[in-house]
Amino acid sequence: MENRRPHMKPRIFSGMQPTGALHIGNYLGALRNWAEIQYDYEPIFCIVDQHAITVPQDPKALRESCEQVAALYLAAGLDPKQSAVFVQSQIPAHVELAWIFTCTVPFGWLNRMTQFKAKALEADASQDSVGTGLFLYPVLMAADILLYQAKAVPVGDDQSQHMELTRNIAQRFNKLYGKTFIVPETKLPTVGARIMGLDDPTKKMSKSTDSPNHSISLLDPPGRVKKLIGRAVTDSQPAVNWAEPGAGVANLLTIFQAFSDWTDSQMQSHFAGMRYGALKSEVSEMISAKLEPIQRRYNELMDDRTHLRAVLRDSAERVAPIAAETVRRAKERTGLYSA
Ligand code: TYM
């Protein structure tokens with residue numbers, strides 16, 4: 001089904017897992033970009049709870065986390081009049097299409113996914129308690145995107161391999177059954193596509209790390225931001241070596257630039273040669289200044305659950321017909337029975 005909507009803006013789709021508080025990597029790599037570009041597209045944003053249960057979750061916390069992430073989406077600037085914001089499990093078409101894809105994706109393609117290997121190791125070294133869902137995770141992600149015939153997917157850099165698989169699945173299905181899916185592009189932010197861990201700048205900032213000094217949550221108060229940035233790993237130089245900053249310093253500079261929107265030359269003239277103590281206070285002040293309005297709106301939104309739930313429900317109703325039409329086509333193409 002090619003995009004036969006010549007007067008309409010191209011559709012984008014993206015999502016986040018509702019597992020714990022979002023961190024500044026999620027924000028700078030994805031969410032901020034979504035809010036910025038939403039008016040140029042027909043945007044659909046999902047809270048992917050079915051992805052979250054690929055590893056064990058506390059049921060009550062997971063349900064609450066869906067509403068927290070919805071509130072963060074809106075607090076970060078998603079406009080529900082423009083952007084659909086819904087929870088994945090509200091639309092059964094995601095798993096229906098995922099099953100059809102599961103039957104067309106070669107095992108070897110999934111076996112090559114590096115995130116599965118890393119996560120499976122994290123979950124259980126013996127792999128006996130690793131759910132099969134974790135292995136099939138990228139197939140569900142492909143279904144999320146292809147279900148809505150999205151033209152582009154705004155994500156951080158860590159999703160590149162999953163995006164490549166999504167494109168391969170679309171192409172394979174189109175080849176086997178005739179053109180059915182739009183092959184989507186990956187849309188990375190210019191700055192902040194990969195924010196690194198504060199305690200270890202060789203690893204990307206992630207939610208599933210036990211270290212207390214690893215990441216900054218979007219809900220962290222200024223005091224905690226200051227403490228975490230203060231403890232961030234730098235290197236043995238005393239001041240910013242602009243030509244060759246160490247990985248930790250480069251990460252702090254990226255965080256500042258992504259939050260501030262400063263140009264490269266503004267960054268260079270301000271930060272080159274600056275001592276690390278001063279750099280760290282500027283970075284933590286910038287982060288807190290940008291997080292403050294998000295946190296204020298987040299608290300308001302969480303105090304009005306009726307509104308929040310209405311947004312999730314209305315959005316699901318809005319996108320359900322698109323999903324249903326794609327599933328109908330995919331079933332027809334594959335020969336699944338319909339009377
Ligand atoms: P998730 O929930 O891990 O992350 C959500 C988004 O945040 C980005 N991100 C980062 N960006 C920069 N630096 C970081 N350190 C960083 N950490 C995370 C991610 O790239 C992502 O854009 N598989 C997805 C969820 C998903 C999805 C989809 C995404 C399911 N279906 C369909 C797009 C389209 C994931 O686990 O994201």
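The values are calculated or read from the model by the stated rules, or taken from the named source; none is laboratory data. Please read these numbers as outputs of a predicted model, since none were measured by experiment. All Cβ positions, even for glycine, are placed from backbone atoms using ideal geometry, and neighbour counts span all protein chains on display.
Which of the residues that make up the stretch 158-198 are under 16 Å from PRO138 (Cβ atoms) and of a type in the set (D, E, K, R)?
Within the stretch 158-198, ASP158, GLU164, ARG167, ARG172 qualify.
Go through the stretch 8-57 and give me each residue that's of a type outside the set (Val, Ile, Thr), part of a loop (DSSP other than H, G, I, E, B) and either surrounded by 24 or more Cβ atoms within 10 Å (Cβ to Cβ) or near the ligand (Cβ under 8 Å from one of its atoms) (or both).
Correct list: GLN17, PRO18, LEU22.
Could you tell me whether the stretch 98-108 includes any residue that is touching a residue at least 24 places away in the same chain (Cβ under 8 Å) and on the phi > 0 side of the Ramachandran plot?
Scanning the stretch 98-108 turns up no residue that is touching a residue at least 24 places away in the same chain (Cβ under 8 Å) and on the phi > 0 side of the Ramachandran plot.
Check ILE322, ILE294 and return the single one that is touching a residue at least 40 places away in the same chain (Cβ under 8 Å) and farther than 26 Å from ASN213 by Cα.
Testing whether each residue is touching a residue at least 40 places away in the same chain (Cβ under 8 Å) and farther than 26 Å from ASN213 by Cα leaves just ILE322.
Per-residue answers, yes or no, for (1) within 12 Å of the ligand (Cβ to nearest atom); (2) surrounded by fewer than 18 Cβ atoms within 10 Å (Cβ to Cβ):
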{"site": "VAL130", "(1), (2)": "no, no"}
{"site": "LEU140", "(1), (2)": "yes, no"}
{"site": "TYR148", "(1), (2)": "yes, no"}
{"site": "SER160", "(1), (2)": "yes, yes"}
{"site": "MET163", "(1), (2)": "yes, no"}
{"site": "THR166", "(1), (2)": "yes, no"}
{"site": "PHE173", "(1), (2)": "no, no"}
{"site": "GLY178", "(1), (2)": "no, yes"}
{"site": "PHE181", "(1), (2)": "no, no"}
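Can you name every one of the helices (runs of 4 or more DSSP H) wholly within the stretch 112-179 that holds 1 or more residues which are modelled with pLDDT of 95 or more and within 16 Å of the chain's Cα centre (by Cα)?
By residue number, 132-147, 160-177.
Residues are listed down the side, and each one gets a yes or a no for (1) β-branched (Val, Ile, Thr); (2) more than 30 Å from GLU332 (Cβ to Cβ); (3) not assigned by TED's automatic domain parsing to the domain that holds GLN159:
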{"position": "ALA71", "(1), (2), (3)": "no, yes, no"}
{"position": "GLN82", "(1), (2), (3)": "no, yes, no"}
{"position": "PRO92", "(1), (2), (3)": "no, no, no"}
{"position": "THR104", "(1), (2), (3)": "yes, no, no"}
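Residue check: is ILE255 within 14 Å of the ligand (Cβ to nearest atom), surrounded by 13 or more Cβ atoms within 10 Å (Cβ to Cβ) and either in a helix (DSSP H, G or I) or not charged (D, E, K, R) (or both)?
It is true that ILE255 is within 14 Å of the ligand (Cβ to nearest atom), surrounded by 13 or more Cβ atoms within 10 Å (Cβ to Cβ) and either in a helix (DSSP H, G or I) or not charged (D, E, K, R) (or both).
Residues are listed down the side, and each one gets a yes or a no for (1) of a type in the set (Val, Ile, Thr); (2) under 27 Å from ILE100 (Cβ atoms); (3) out of contact with any Pro (no Cβ under 7 Å at 6 or more places or on another chain):
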{"site": "LEU279", "(1), (2), (3)": "no, no, yes"}
{"site": "ARG297", "(1), (2), (3)": "no, no, yes"}
{"site": "LEU301", "(1), (2), (3)": "no, no, yes"}
{"site": "ALA310", "(1), (2), (3)": "no, no, yes"}
{"site": "VAL319", "(1), (2), (3)": "yes, yes, yes"}
{"site": "ALA323", "(1), (2), (3)": "no, yes, yes"}
{"site": "THR334", "(1), (2), (3)": "yes, yes, yes"}
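If the requirement is being exposed (fewer than 14 other Cβ atoms within 10 Å of the Cβ) and either within 16 Å of the ligand (Cβ to nearest atom) or touching a residue at least 60 places away in the same chain (Cβ under 8 Å) (or both), which of these qualifies: LYS207, LYS226, LYS203?
LYS203
Does at least one position in the stretch 184-197 carry a residue that is touching a Lys or Arg at 6+ places or on another chain (Cβ under 8 Å), of a type outside the set (A, V, I, L, M, F, W, C), away from the ligand (no atom under 11 Å from the Cβ) and assigned to a loop (DSSP other than H, G, I, E, B)?
Taking every residue of the stretch 184-197 in turn, none turns out to be touching a Lys or Arg at 6+ places or on another chain (Cβ under 8 Å), of a type outside the set (A, V, I, L, M, F, W, C), away from the ligand (no atom under 11 Å from the Cβ) and assigned to a loop (DSSP other than H, G, I, E, B).
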